[in-house]
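Only one structure is covered here, and it is reproduced in the block below.
The values are calculated or read from the model by the stated rules, or taken from the named source; none is laboratory data. From a predicted model like this one, the values you see are computed outputs, not experimental measurements. For neighbour counting, all protein chains shown are included, and Cβ atoms are generated from backbone atoms with ideal geometry for every residue, glycine included.
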Amino acid sequence: MSIRRLAYFLAVIDHGSFTRAAAELFVSQSALSHQMQALEREVGTPLLNRLPHGVEPTTAGEVFATHARKAVASIERGHATARAAGRQRPADIRLGMLPWLGTPLLRPCAQRWLAEHPDAPLTIRHFPNPQRLYSALNAGEIDVAVGPPPQSQSGDHAWIGHEDILLITPADSPLSHGTPLAHLHKRSWIHYPDGSSMAALLDEACHQAGFAPRVAVTVPEANAAPPLVAAGLGIALVPGPLARKAPHVHAVKLHPPLRQPLVVTTPAHPSALAQTLAAQLRNTAAQTDEHEE
């Protein structure tokens with residue numbers, strides 16, 4: 001069983017699509033499909049459900065993916081460590097985060113890290129949602145994670161700030177800042193999968209406002225919501241940095257304001273470099289108030 005085939009399998013389930021996975025991997029869709037069929041024959045059971053508009057792992061596929069992630073991460077880490085040993089320097093340190101986070105906290109932290117650890121490069125990886133972020137941390141794909149508090153996670157995490165959660169509406173039907181959430185009880189919503197941090201936040205906020213959201217569409221992650229809002233399919237709650245950058249939508253701060261805490265998380269047995277980076281992120285967060293703006 002090749003590591004490349006395992007990596008192909010993980011790309012397919014992470015993207016939920018043969019087309020998007022093939023584009024990322026620079027292979028043809030037919031070649032990728034053949035690789036997945038070969039993997040299923042090798043494992044001896046179906047790993048993927050082929051749906052009309054995408055693909056998702058079977059129950060066996062979900063179990064297999066957990067082990068595949070650890071195997072791929074272990075091999076990649078082995079390669080990096082061997083290369084570092086050959087150059088007689090530490091391996092790089094891998095920081096995972098969500099794509100809309102970063103600049104206020106990351107820039108000063110990266111500058112300080114590179115100044116103090118010139119022989120340990122910082123590798124930054126983006127993940128589409130918190131679930132994938134913390135799966136990567138558990139599998140050893142990254143050394144440190146920055147995101148909302150994990151739903152369940154071994155290891156240590158510490159508060160480093162928060163991010164504003166804003167409402168987005170179609171650009172041609174804006175609301176005013178300070179709109180009470182209770183006034184939106186008749187609107188259709190773009191929702192998130194059960195168990196995700198954004199779903200929990202939306203459900204709890206609506207519950208506090210006295211209603212349950214009327215769901216129009218459920219999307220896998222926050223960056224999938226703005227195009228649907230722009231098309232008029234519903235309104236959505238999304239992280240502030242994402243809301244402000246999204247085209248063709250109007251971002252609104254609700255009353256009372258909604259916020260989501262941010263934490264830095266390390267695995268159960270972090271390396272010395274991971275502990276150092278996590279401490280540096282905490283210190284950098286304490287020295288800046290940009291997360292409070």
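Points to keep in mind about this one:
- Close pairs (7 angstrom Cβ cut-off, 6 or more residues apart or separate chains): free of Cβ contacts under 8 Å to residues at least 60 places away in the same chain in segment 1-29, of a type in the set (Ser, Thr, Tyr) and outside any helix (DSSP H, G or I) anywhere: Ala22/Ser28
- Glu204 acidic (Asp, Glu) and closer than 19 Å to Leu137 by Cβ: no
- Taking each residue of segment 64-92 that is within 27 Å of Leu48 (Cβ to Cβ) and looking for partners that are at pLDDT below 75 with beta-carbon atoms closer than 9 Å, six or more apart or interchain, yields Ala71/Met1; Arg77/Ala91.
- Looking across segment 232-265, the residues that are among the β-branched types (Val, Ile, Thr) and within 19 Å of Gly178 (Cα to Cα) come down to Ile235, Val238, Val249, Val252.
- Restricting attention to segment 39-74, the residues that are of a type in the set (Val, Ile, Thr), closer than 23 Å to Tyr134 by Cα and loosely packed, with under 14 Cβ neighbours inside 10 Å add up to 3.
- Of all residues in segment 186-215, those satisfying the criterion of being in contact with a strand residue (DSSP E or B) (Cβ under 8 Å, 6 or more places away or on another chain), part of a loop (DSSP other than H, G, I, E, B) and surrounded by fewer than 20 Cβ atoms within 10 Å (Cβ to Cβ) are Lys186, Arg187, Pro193, Ala209.
- Where helices (runs of 4 or more DSSP H) sit wholly within segment 216-293, those with at least 3 residues that are of a type outside the set (D, E, K, R) and more than 30 Å from Trp113 (Cβ to Cβ) occupy 225-230.
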